[in-house]
1. What pairs come up if the first residue lies in the range 79-99 and is at pLDDT below 85, the second is surrounded by fewer than 10 Cβ atoms within 10 Å (Cβ to Cβ), and their beta carbons are under 7 Å apart, counting only those six or more places apart or on different chains?
2. In the range 43-58, which residues are of a type in the set (D, E, K, R) and more than 24 Å from Gln69 (Cα to Cα)?
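The values are calculated or read from the model by the stated rules, or taken from the named source; none is laboratory data. Computed from a prediction, not measured in an experiment: that's the story for all the values here. Cβ atoms come from the backbone with ideal geometry, glycine included; neighbour counts cover every protein chain shown.
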Amino acid sequence: MVPSPPRYVKSDPPVPAGVVSIPPVANSHGMATRGKTGYRQPRLALHTEALSPLPRSCRDALADPHWRQAMEDEYAALQDNHTWDLVPRPTKANVVTGK
């Protein structure tokens, strides 16, 4: 037997502006779902603006106080969490290769 498609019930109260209207669904199972209870989630108009533009180079990032503070915070977190330890460079070792 093929189940029938869900029936949509018209909601009685008017829907305020900015709120998504989800009509309750009438079906045979007893599970309470958001659609069946008529749950409405408000639509949020969020707008974000960057404090600082994305830097094009390391020099640009170091010149911007917001980016510099973010880098210092990240470095401090790495040290506090013991993510890695700073060790002296081995003698005659090229730590930056030319790849």
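1. Hits for this filter: Val95/Arg89.
2. Step one: of the range 43-58, the residues of a type in the set (D, E, K, R) are 43, 49, 56.
Listed by number, the list holds a single entry, Arg43.
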